[in-house]
1. Specify which of the listed residues (ILE47, ILE25) is modelled with pLDDT under 85, out of contact with any Phe, Trp or Tyr (no Cβ under 7 Å at 6 or more places or on another chain), at negative phi and surrounded by 11 or more Cβ atoms within 10 Å (Cβ to Cβ).
2. Could you check the range 23-47 and list, in sequence order, the residues that are touching a helix residue (DSSP H, G or I) at 6+ places or on another chain (Cβ under 7 Å), farther than 15 Å from ILE73 by Cβ and either touching a residue at least 24 places away in the same chain (Cβ under 8 Å) or in a loop (DSSP other than H, G, I, E, B) (or both)?
Amino acid sequence: MVAKNTEITYKTITGKRTGRRSTRILIPEAEGAMDNLKKSIASEFGIDFTEDYKGNLSAKQCGKVGGEMVRRIIEQMKHEITHSPDRFRQ
């Protein structure tokens, strides 16, 4: 990162953006399932994710939900790989 005057400029690699994360879902059909998982985990933690506006939630709360989503997805994939390894071979 390079500071110029009072602006922050991000260095970029050709063909790739840096300094920004993408939250788009690569498989559009999975969007509903991801939302359901997110709301389910949030309700388990006592966090209200039903509102469209989430500005009243802390980064810690959102991170807790996102981290648990990743943990569960990884566990599910491990389970699928161990129970049907032929499906994941090329």
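The values are calculated or read from the model by the stated rules, or taken from the named source; none is laboratory data. Please read these numbers as outputs of a predicted model, since none were measured by experiment. Every residue, glycine as well, gets a Cβ built from its backbone with ideal geometry; the counts of neighbours run over all protein chains shown.
1. The conditions single out ILE25.
2. Selection gives PHE45, ILE47.
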